[in-house]
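J.: Below you'll find the structure I mean.
Bear in mind these aren't lab numbers, they're just calculated from the coordinates by the rules spelled out. Keep in mind the model is a prediction, meaning the values are calculated, not measured. As a convention, Cβ positions derive from the backbone with ideal geometry for all residues, glycine included, and neighbour counts pool all protein chains shown.
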Amino acid sequence: MTYAAVTYVNLEGRDRADGLRMLNDQLVPMLKSLAGFQSARFLGSPDGKSGVGAVICDTESHARACLDVMTTRRPAEAPPVTSTALYEVVLEV
């Protein structure tokens with residue numbers, strides 16, 4: 001069974017290009033190096049005020065480790081996390 005480590009962030013006042021650069025150059029390589037990493041999706045609201053990062057991992061323990069990285073070892077310039085969650089992936093299409 002796969003699991004999703006999900007973070008919700010505040011993007012207000014942030015430049016989208018800078019955010020994408022930080023994701024591509026720093027956070028994504030760090031996540032991809034973690035055990036059990038399978039995929040990730042980063043979403044931004046149309047109004048640019050909030051975002052969601054969902055990292056899919058092969059086990060619950062690996063997803064918890066990814067959630068730890070996304071909350072405690074994130075780059076200094078990353079947007080602030082407003083909440084987190086861990087989900088069991090029940091269906092992928």
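J.: Being assigned to a helix (DSSP H, G or I) and in contact (Cβ under 8 Å) with a residue 12 or more places away in the chain is the filter here; which residues of the stretch 62-91 pass it?
T.: His62, Ala63, Arg64, Ala65, Cys66, Leu67, Val69, Met70, Thr71
J.: Then there is this: Just wondering, is there one or more residues in the stretch 33-49 that are under 17 Å from Pro75 (Cα atoms) and of a type in the set (S, T, N, Q)?
T.: Yes, because at least one residue in the stretch 33-49 is under 17 Å from Pro75 (Cα atoms) and of a type in the set (S, T, N, Q).
J.: Only one of (1) under 16 Å from Met22 (Cβ atoms); (2) touching a residue at least 12 places away in the same chain (Cβ under 8 Å); (3) among the aliphatic types (A, V, I, L, M) fails for Ile56. Which number is that?
T.: (1)
J.: Would you please name the residue that is farthest from the chain's Cα centre (by Cα), looking only at residues in the stretch 62-79 that are among the charged types (D, E, K, R) and farther than 23 Å from Met1 by Cα?
T.: Only one residue fits best here, namely Glu77.
J.: Hey, another quick one. Determine whether Ala35 is under 22 Å from Glu12 (Cβ atoms) and not in a helix (DSSP H, G or I).
T.: no
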